[in-house]
Every structure is written in C-alpha cells, then in structure tokens.
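> One structure is given below, represented as structure tokens, and several questions about it will come after.
Any read-out appearing in this document is the output of simple, stated calculations on the displayed coordinates, not a laboratory observation. Here the structure is a predicted model, which means the values were calculated and not measured. Positions of Cβ are backbone-derived with ideal geometry, glycine not excepted, and every protein chain shown enters the neighbour counts.
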Amino acid sequence: MKYIFVTGGVVSSLGKGLAAASLGTLLELRGLKVVLQKLDPYLNVDPGTMNPFQHGEVYVLADGAETDLDLGHYERFTNCVLTRANNLTSGQVYETVLAKERRGDYLGKTVQVIPHITDEIKARIREVGVNSGADVVITEIGGTTGDIEGLPFLEAIRQFILEAGTGNAIIMHVTLVPFIKAAGELKTKPTQQSIAKLREIGLQPQVLICRTEMPLDEDVRQKLSLFCNVPLDAVVEAGDVDHTIYEAPLNLREEGLDSTVCRLLNLQTKEPNLTDWKRFVQRVISPKKRVRIAIVGKYIELQDAYKSIYESLTHAGAANDCGIDMVLVDAEDIEIEGAEKYLQGVAGVLVPGGFGDRGVEGKIKAARYARESRTPFLGLCLGMQVATIEFARNACGLESANSTEFDPNTKNPVIAILEEQKDVTDKGGSMRLGTWQTKFLEGSHAHQVYGKTEASERHRHRYEFNMKYRQILEEKGFVISGTSPDGNLVELVELKNHPWYLACQYHPEFQSKPNAPHPLFKAFITASLANEE
Ligand code: GLN
C-alpha cells in the first residue's frame, strides 16, 4: 500500500482538498484503487456542531458521519467509499486516547503527545488503508504548516513515512507562489520558508503543487526545485481553473503530476483515460443553453455553505447540456420585499436545508411563489418542511401552521420533532443521520423521476412531517410520494396540480457526481428548462 500525504503552506484556502481529490481522480483513471482521508487539527469531534460561517457545509456520509466538506470533493472526484474513519480530528484522537487512559490501557505509563497521540493518529491512517483495500491512500492534513495545533499530525506523518520505507510514502505540499505586481515577478520565498518549516520537523516534501496566478517559468521552477529540494518534474504549476473546478485534474495531468507521483511511489500503471471526464468538463464549459435557478437560503453570501448543492446543479446542468446561472437570493430579503421582486423570471426555485428560524418566513414565501406561479420547485430538508408549512397555511387555511422548531407552541404543528429525538439533549452527532431507505408511491412524480420504487438517501434532521395533518393536506392536492419503508415517516412530497414541485426530507446533494447526476436534480433542471421555453 502506498501513502500520499497532502500538506499546505503559506496561506489557507489554496484548494488542498481539491488538489488531493484531483490526484485521486487521475490515479483512479490509471486503474488504481484510491481512498482519501482528511485529518483536521481542531478539537471539535466533528464539524457537525459548527455553523456555516465557521466551516462551510457539513458533508454527511452514508454511515451518518458529519464531516468536512473536502470529503464531498473526494466522493465527487473518485469512486472511493468513505466512512467516519475517513475524517479524523484532534478531538477524536484525544477522545480515544483519554478513554483508553481511563480504562487503564496504558498500564500506568505517563500518557503523552509522543508517542500516544501520534500512535493513535498513525493507527487511524493505517486502518483506513487496510479497511479500504486501496492501492493508494491519500491523506490530507487540514490547516497550514506552522500552525501549532497541526504539529502532532505532522510528527505522526514523519514517523509513518519512516516506518513505511522509501518509495512507499510521499508528501505533496500545496503552496502559494505569489505574483508581486510592483516587481513584475513571481516570488518563491514564502514557499521556501514553508518548506524550511517542514524540514525543521523532519519532513521533506517530494512534490510541490504551486498555486499561482501566472505561469511558472523555467527559472522559477529551477529555483523552487533547488531551494525546496524537490525534483524539477515534481514542481507542479496549478493556476486558477478557468471555468470549473472539474478542470483541475486535467490541468494537473498536463503538468504530469500523476506520472511523477507514480514514479516516486514505484507504481506501474496504464496511462489514465480521461475521455469521460473531459466530455463532462466540455459540457460544463460550453453548454448549448442556459437556465436561471434561484437558491433561496440564509448563507448565500458564503461560498461554501451550499457547496454540494451548487455542485449537484452543475452536474445536472451538464446532463441537460445546459449552463446554470445561479441566482443567490437571501431569504431575509424576500421577507422584507416579497418573493416576486427576487424570483420573477427565474426558471426554477430551490430551497436548501437549514436550522433555526432566521430567514424561514422568506423561504416560506419562496415556496408559495413557486407553487402559485407554477415554477419548478425543489425543496431539500428544511426546504421540504417550509413547503409543507406553506401549503398548510395558504392552501389548507391552517393559518398558524409552523414547525415546532420555530414556534414550539404553534396551534398547527405540521412539522414536529421526530419521536426518537424527543429526549435527545446533546447536539453533537445526535440527529437522524445517514442513509435510510425511501419507498416511492407507484405512479407518483417521484417514482417517475427515480425510475424505481426505492432509493437510499442521506439524512440530517431532527424534525419531520406530522402525520396528523396528512389527510387535510392530501385533500387539497398535497401528495406524500416517498416514505420510510414502514410508511411512518415522510421522505418526499409533491403537488398534484403543478408541473414540477418536489421536496424531500433527505439530502440528495450528497450523492451527485459529475457523470452521475442525482435524478432529482437532473429532472428539476429538465423541468426548469421546459418552464423557460
Ligand atoms: N432544521 C430542520 C430539522 O432539523 C431541517 C434540517 C436540515 O435542513 N438539514 O429537521
């Protein structure tokens, strides 16, 4: 088994996750089995309790793990199967080590960062490799070199590489090569210094991914190679992508990254077949049509809060040979100025998931606008809950209808806390999480969209449709078209007298891939296109 560790230098936000995922794509297309893992130095046990301002989207895995959004890149860029073991935080490491200490597993020894914390980290890296049966394990280390909290992870990697032996483990360092306008030059010093920082603790990267706004000329490459002690062909230029993040593997391939990595790790493989990937990228870059889709959320000013949704729309667009113009609408603006002003003229409306009552009334107005104007509507999780509240209020005359999340004393709790959640007090990892089966109503719109009667979808919620209101709503044309297999829990709803109005309790956005768009997103875009014509 071969190991690649991905570190970052100089500044954060260089796209380490994307670089790791793109390398994964290339190695997979060379016929290797790849698995990716992220080590996060913060003390939270998982990012599930962090808000989107802190951490962007929380990405949910099939096993219900709430993970870093980079795991979304890993799943979209490769076919690797990820579980909670693939996202390790300092919080988890300390939790495990302290539990062992309390059990007496250390037999009276002093428990220390080295070796106990570092041993635990190494064991977790090895475990991911062994359990996946992969040829190559790519492990990304969150944060930037020089961070104090990252040190135990870097020390663990030093030990790991020593134990793995030459040719079996390498470090790929993602760094910034800034262009200084006044000097008209690319500068290598920050990279030299971040490498010096790594060498101080015994780490020598073998590959440099240089994020840059300008092409690296031969001189700059030579300099980076010399001062950073990296072979010349392992100095890799990574400019900003022109149109889409899916170009990244293609650009890195141009630079020969995969060949260099295979050489360094003594991996003999065929050349990668990039035909399908290129075709997808081409469809994203030059689609025949365009369509305007509104996303009505409360974190629309953040780039990362709805990441998987934006990606799923891109995949669905490509499948329809159509570019997506995403119209990001702040739900609170709709609250003040009405839906019409922001949504008139869009071809489809999407309301994503969320927690807490800020912006909820705006999302309810958006759902109403889509229903009344017969605009295609896709509601995800909270989006399904607001669609229900809206219908109860405005189509069934239940004026005070609400979710008990927002109004615990509402007279008409059409959305209420899940039975299993009633006694839950902890916030961490305690929602209804991960994969659950949904059964579709024969002949429903949902059944037609999926082309099958059952599907596995990922969940993350505490509240649900209150079955007491089923009849009242159904009499007015509300259709419960997806439920849990026992029929007790509502998973998907639609409207009878509407061209395309579907809303689900689950998160389809966690299962869409470039060349395998999620059926709900794909059909939503098809319907939006039809609406525009
Ligand atoms: N806040 C809602 C719930 O807990 C919706 C959750 C979500 O959108 N992920 O059920």
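> Identify all aspartates and glutamates with a Cα-Cα distance to Lys468 below 20 Å; exclude those on the same chain that are fewer than 8 residues away in sequence.
Lys468 reaches Glu390, Glu399, Glu405, Asp407, Glu419, Glu420, Asp486, Glu491, Glu494.
> Under the Karplus relation 6.51 cos²θ - 1.76 cosθ + 1.60, θ = phi - 60°, what is the ordered set of whole-Hz ³J(HN,Hα) values for the range 511-517, x standing for Gly and Pro?
Computed from phi, the couplings for the range 511-517 are 10, 9, 10, x, 9, 9, x Hz.
> Sticking with this one: Using a/c under 1.5 as the rounded threshold, could you call the range 373-454 rounded, prolate or oblate? The axes a ≥ b ≥ c are square roots of the C-alpha gyration tensor eigenvalues, and prolate needs a/b larger than b/c, oblate otherwise.
oblate
> A follow-up question, please. What list of ³J(HN,Hα) values in whole Hz, one per residue of the range 24-29 in order, does the Karplus curve 6.51 cos²θ - 1.76 cosθ + 1.60 (θ = phi - 60°) give from phi, with Gly and Pro shown as x?
Listing the rounded values in order: x, 4, 5, 5, 5, 6 Hz.
> Skipping prolines and chain starts, which residues have an amide H placed within reach, meaning under 5 Å, of the one on Asn87, given they are 5 or more residues away or on another chain?
When sequence neighbours closer than 5 places are left aside, the close amide H contacts are Lys38.
> Between rounded, prolate and oblate, where does the range 411-533 land on the alpha carbon gyration tensor, with a ≥ b ≥ c its root eigenvalues, rounded for a/c under 1.5, else prolate if a/b exceeds b/c?
In terms of gyration-tensor shape, oblate.
> May I ask you to list the trypsin sites (Lys or Arg not before Pro) in the range 274-359 that are in a DSSP loop and have at most 11 other Cβ atoms within 10 Å of their Cβ?
Lys288
> I've got another one for you. Could you name the aspartates and glutamates whose alpha carbon sits less than 12 Å from that of Lys452, not counting residues in the same chain fewer than 8 places away?
Those aspartates and glutamates meeting the cut-off are Glu442.
> List Met384, Met467 from most exposed to least, where exposure is judged by having the fewest other Cβ atoms within 10 Å. Intermediate results must be reported in sequence, preceding the final value.
On the way: Met384 28, Met467 14.
Listed from fewest to most nearby Cβ atoms, that is Met467, Met384.
> Going by how many other Cβ atoms sit within 10 Å of their own, how do Thr212, Thr260, Thr375, Thr269 line up, fewest first?
Thr269, Thr212, Thr260, Thr375
> Now a separate question. In debye to the nearest 20, how big a dipole does the chain give about its Cα centre with +1 on each Lys and Arg Cβ and -1 on each Asp and Glu Cβ?
Dipole about the Cα centre, nearest 20: 620 debye.
> Most exposed first by the Cβ proxy, i.e. fewest other Cβ within 10 Å, how do Thr166, Thr89 rank?
Result, fewest neighbours first: Thr166, Thr89.
> Follow-up. If I fit a long axis through the Cα atoms of helix 189-200 and take the longest principal axis of the Cα atoms of the chain, what angle between them do I get, 0 to 90°, rounded to 10?
Tilt of helix 189-200: around 70 degrees.
> Here is a follow-up. Of the beta bridges DSSP finds with both residues in the chain, what % are antiparallel, to the nearest 5?
Of the beta bridges lying entirely in the chain, close to 35 percent run antiparallel.
> What dipole magnitude, in Debye to the nearest 20, does the range 219-327 give about its Cα centre under +1 on Lys/Arg Cβ and -1 on Asp/Glu Cβ?
Dipole size: approximately 400 debye.
> From the P(r) of the range 435-499, can you give the percent of Cα pairs sitting at distances over 20 Å?
Tail of P(r) above 20 Å: 25 percent of Cα pairs.
> Next question. HN-Hα J couplings of the range 434-442 from phi, Karplus 6.51/-1.76/1.60, θ = phi - 60°, integer Hz, Gly and Pro as x?
x, 6, 9, 7, 10, 10, 9, 5, 4
> With a ≥ b ≥ c taken as the square roots of the eigenvalues of the C-alpha gyration tensor of the range 23-167, please select rounded if a/c is under 1.5 and otherwise prolate if a/b is larger than b/c or oblate if it is not?
oblate
> Further, regarding this structure: Do the sum for the chain: with -39,500 (n - 2.57) for every DSSP H run of n ≥ 4, divided by all residues, what is the mean residue ellipticity at 222 nm, to the nearest 500 deg cm²/dmol?
Values: 19 runs with 195 residues, N = 533.
So the calculated ellipticity at 222 nm is -11000 deg cm²/dmol.
> A further question follows. Going down the list Lys476/Lys522; Lys16/Lys189; Lys2/Lys109, which pairs span over 26 Å between their C-alpha atoms? Could the numbers behind the result be given before it?
Numbers: Lys476/Lys522 28 Å; Lys16/Lys189 20 Å; Lys2/Lys109 33 Å.
In this structure, Lys476/Lys522; Lys2/Lys109 lie more than 26 Å apart at Cα.
> Along the charge dipole of the range 211-360, which of Ser225, Gly256, Leu274 sits closest to the positive end, that is, farthest toward it, with unit charges on the beta carbon of Lys, Arg, Asp and Glu (+1, +1, -1, -1)?
Value: Leu274.
> I've got another one for you. Within the range 386-533, what percent of beta bridges assigned by DSSP are antiparallel, to the nearest 5?
In the range 386-533, DSSP labels about 90 percent of beta bridges as antiparallel.
> Let me know the charge dipole size of the range 373-477 about its Cα centre in debye, to the nearest 20, where only the beta-carbon of Lys, Arg (+1) and Asp, Glu (-1) is charged.
Value, rounded to 20: 160 debye.
> Still on this model: Could you sort 229-237, 480-488 so that the peptide with the highest average Cβ count within 10 Å comes first and the rest follow in order?
Result, highest mean Cβ count within 10 Å first: 229-237, 480-488.
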